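Engineer: Got a structure for you, questions after.
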């Protein structure tokens, strides 16, 4: 078995060699008084850069995903664009096609008055032509897809319970998007040990590296003694042929970002990795949800650069 990474050890490593980070809060308007958080990185749609964001009132978890465009330093909802009743959006491109998804809440199948959730997937040439094509197993978040060099599709999963405890990461491959079913997702083997039983995490956005390995932007999380949640953006490089993670590193902490409100007291130290835009100059832009109430962006060293070439 590989070794398990812990928040404590990753945090110590991070703080001992802290990178230079420039962080700022992003401003969103046009959604009345609602919060915008857990955003994607900007992606192109019909020739414009768009951010998908989770929009909801401070005192509810019923949210919509809205697509925003930027003008004069402010992000506003794009006109004549669909919205989706989802949480925590994500996007990728597979074979040129836009694949979009998020977390859908629905009445729990057996517990009266309770809610369950599942990850749902849409595909199409552009946002306004997306069609729903797949759902994940009930209760599973953090399912992410990546088009691979051999035209297969990598699928990262996040089972909990008997298989995954509080939440571990699994991986499988499919030949086409038509093969994405709850059964396939459920049966994905876990990646060789990575989180301890007390902690959890998942993949948030996936990047194909020049080596054929897979760079994953994700999060690792834990509760403290008071029951407060602590979420940290992290990256790792996954090697499908060995089913191992090469290394895991934190890339930011809450202290690296401007102060701001939080949805609840127990969510102050929560950063939700939304996406990473790799720039050409060795830097990257990290887009994050902050304290379940705001969205920020940070410019930091590209964490995947050192993994782009195999050690000879």
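The values are calculated or read from the model by the stated rules, or taken from the named source; none is laboratory data. Not measured: the values here are computed from a predicted model. All Cβ positions, even for glycine, are placed from backbone atoms using ideal geometry, and neighbour counts span all protein chains on display.
Engineer: Sort through 215, 227, 210, 202 and tell me the only one that's in contact with a helix residue (DSSP H, G or I) (Cβ under 8 Å, 6 or more places away or on another chain) and under 23 Å from residue 43 (Cβ atoms).
Structural biologist: After ruling out the rest, the residue left standing is 215.
Engineer: Looking at the structure I just gave you, is residue 281 farther than 21 Å from residue 26 by Cα and touching a residue at least 40 places away in the same chain (Cβ under 8 Å)?
Structural biologist: No: the conditions fail for residue 281.
Engineer: Based on this model, can you work out whether residue 163 counts as over 18 Å from the mean Cα position of the chain (by Cα), assigned to a loop (DSSP other than H, G, I, E, B) and under 21 Å from residue 244 (Cβ atoms)?
Structural biologist: yes
Engineer: Would you please list the contacts, defined by Cβ atoms under 6 Å and residues six or more apart or on different chains, that run from a residue in segment 74-88 that is in a loop (DSSP other than H, G, I, E, B) to a residue that is surrounded by fewer than 16 Cβ atoms within 10 Å (Cβ to Cβ)?
Structural biologist: Listed by first residue and then by second, the contacts come to 82/128.
Engineer: Same structure again: What are the residue pairs meeting all of these: first residue in segment 249-262, first residue closer than 12 Å to residue 291 by Cβ, second residue part of a strand (DSSP E or B), Cβ atoms under 6 Å, and 6 or more apart or on different chains?
Structural biologist: Listed by first residue and then by second, the contacts come to 254/269; 254/271; 257/23; 257/290; 257/296; 258/25; 260/294.
Engineer: Can you find a residue in segment 232-248 that is at pLDDT 95 or above, outside any strand (DSSP E or B) and closer than 21 Å to residue 302 by Cα?
Structural biologist: For segment 232-248, residues at pLDDT 95 or above, outside any strand (DSSP E or B) and closer than 21 Å to residue 302 by Cα: absent.
Engineer: Which condition number in (1) crowded, with 21+ Cβ neighbours inside 10 Å; (2) under 26 Å from residue 255 (Cβ atoms); (3) modelled with pLDDT of 95 or more is the one that residue 65 fails?
Structural biologist: (2)
Engineer: Being within 23 Å of residue 90 (Cβ to Cβ) and out of contact with any helix residue (DSSP H, G or I) (no Cβ under 7 Å at 6 or more places or on another chain) is the filter; apply it to segment 230-242 and report the residue that is surrounded by the most Cβ atoms within 10 Å (Cβ to Cβ).
Structural biologist: It comes out as 233.
Engineer: What tally of residues in segment 3-40 results from selecting those that are touching a residue at least 12 places away in the same chain (Cβ under 8 Å), within 29 Å of residue 101 (Cβ to Cβ) and out of contact with any strand residue (DSSP E or B) (no Cβ under 7 Å at 6 or more places or on another chain)?
Structural biologist: The qualifying residues number 1.
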